[in-house]
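See below for the structure under consideration.
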Amino acid sequence: MTLIKSISGIRGTVGGKPGDNLTPLDIVKFVSAYATWLKEGAGKKKARIILGRDARISGEMYAQLVSATLIGLGHDVIHIGLATTPTTELAVTAEEADGGIILTASHNPKQWNALKLLNNRGEFLTAADGAKVLELAEREEFVYAEVDELGTITEKEYTDYHIQHILGLDLVNREAISKAGLRVVVDAVNSIGGVAIPALLRALGVTDIIELNCEPTGRFSHNPEPLAENLTEISARMKESGAQLGIVVDPDVDRLALVCPDGEMFGEEYTLVAVADYVLKHTPGNTVSNLSSSRALKDVTESYGRSYSAAAVGEVNVVAKMKETHAVIGGEGNGGVIYPASHYGRDALVGVGLFLSHFVAEEKSMQELKKSYPPYFISKNKLTLAPGMDVDKVLEGLKKRYAGEKITDIDGVKIDFARGWVHLRKSNTEPIIRIYSEAKDEQSADALAKEVIGVAETLF
């Protein structure tokens, strides 16, 4: 398995040969490059760096390697242990640190892990800064600290800080949530969300919580990507429990999916749509999502007389566009909510606080709330890449084939038809081409995807 190096971090499978997989030697090399970048690029001879991780089996092993490498370069480490990605991001600014590293492969299965690298704002590195880190990694010209200049390790806990931060947000209505007497089912896929989400719910006044897969063992009970086909257990529990809603997060808790009482998914695309509706009711402003996200956010934004913008896929791209357009809410259609009043990072915990505040204020069932939004269906498909496949050739061929339609090529190729859209792009996190299509119903979305996939396959 070839290492994947992108704006989403450096990720690969555990074990195997250096350079092909995410081995201990690769961890040391890329962490050394990041630490050297802090010295050369940020001018920090002795930086303070936050380190957090999800509950993956390989996490503790890699955390020890990361810590040792950083102190070996002369930097000080604040190790916050098991922590969500957004918790680690908040810790960077709370500690006035110079950067941060998160050990997580997000939605990937247990054999994967990754290094997610943060700047001193607790945000992912820009493409330019990330390229510099990769360049330093290739050169391997690292100068480690002498014995009297080694760094230190300090251990802290930050989950409660994150929860208190959410309770302090103006639009999070703890009193109303507490009075609603909600019963909530939580599936945290055996990672840090199993600690953080129930703790947040209790802090919000929710006392009736049914916990599924909340032990942070790292041995994921099902495929950790929060899609309907992976969530049969919580779907069944919803039907028998009498709960008003279900909450699902991925292993590092930056994606939020919601489940209706009948076991049907609220739709990960509609997590952001519903939260945006709530935020726009109280804070007029613009919105942003990525090119692969539903048109529903655009429709809701324009219903408030505000502007919607699309960014290339990847959190750093969405954040850049949000800053450019002064957006008050944004994110990605995979259940990633970015709320600038909190911080510029996808945050499922912030999403829970805002969504529950909206849910209890609307006094509708989950099904009724979903029906209040523009109806769209997204079909999500993928093509596995074999060695030697020329993705750029395929994308250029599609642009020529569909030249009569609206084409956006800032990230792969998105083709906007009158009846819907199709977006094809090489994944930042897996060796695949992602192919998303959207239309007013499932049959039409699938038909659009099938048509374009058929054309793409002729171009390989």
| task | Of the numbered conditions (1) modelled with pLDDT of 95 or more; (2) within 25 Å of the chain's Cα centre (by Cα); (3) crowded, with 17+ Cβ neighbours inside 10 Å; (4) more than 30 Å from Val195 (Cα to Cα), Tyr402 fails exactly one; give the number of that condition. | result | (2)
| field | Considering residues of segment 177-193 that are part of a loop (DSSP other than H, G, I, E, B) and touching a residue at least 60 places away in the same chain (Cβ under 8 Å) only, the residue surrounded by the fewest Cβ atoms within 10 Å (Cβ to Cβ) | value | Ala180
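Just to confirm my filter: which helices (runs of 4 or more DSSP H) fall fully inside segment 78-176 and include at least 3 residues that are surrounded by fewer than 16 Cβ atoms within 10 Å (Cβ to Cβ)? Can you show your working first?
Values: elements: 85-94, 127-139, 159-167.
So the answer is 127-139, 159-167.
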| note | Looking across segment 243-273 at residues that are at pLDDT below 95 and touching a Gly at 6+ places or on another chain (Cβ under 6 Å), the single one that is nearest to Ser303 (Cα to Cα) is Glu269
| said: Against the definition (at pLDDT 95 or above and within 17 Å of the chain's Cα centre (by Cα)), how does Gly193 come out, yes or no? | reply: yes
| Can you name every residue in segment 374-389 that is modelled with pLDDT of 85 or more and in a loop (DSSP other than H, G, I, E, B)? | Pro374, Pro375, Tyr376
| remark: Of Ala55, Ala68, the only residue that is of a type outside the set (Lys, Arg) and not in a loop (DSSP other than H, G, I, E, B) is Ala68
| How many residues are within 21 Å of the chain's Cα centre (by Cα), assigned to a loop (DSSP other than H, G, I, E, B) and more than 13 Å from Ile378 (Cβ to Cβ) if we restrict to segment 256-309? | 1
| field | Members of segment 395-411 found to be farther than 20 Å from Ala447 by Cβ and either in contact (Cβ under 8 Å) with a residue 24 or more places away in the chain or touching a Phe, Trp or Tyr at 6+ places or on another chain (Cβ under 9 Å) (or both), listed by number | value | Leu395, Gly397, Thr408, Ile410, Asp411
| task | Within segment 341-364, identify whether any single residue is among the hydroxyl-bearing types (Ser, Thr, Tyr), under 24 Å from Leu90 (Cα atoms), outside any helix (DSSP H, G or I) and touching a residue at least 60 places away in the same chain (Cβ under 8 Å), and answer yes or no. | result | yes
| task | Output the number of residues of segment 287-325 satisfying the condition of being within 23 Å of Glu362 (Cβ to Cβ) and either touching a helix residue (DSSP H, G or I) at 6+ places or on another chain (Cβ under 6 Å) or of a type in the set (Phe, Trp, Tyr) (or both). | result | 8
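The values are calculated or read from the model by the stated rules, or taken from the named source; none is laboratory data. If you're wondering where the values come from, they're calculated on a predicted model, not measured in any experiment. Note: ideal-geometry Cβ built from the backbone for every residue, glycine included; neighbour counts use all protein chains shown.
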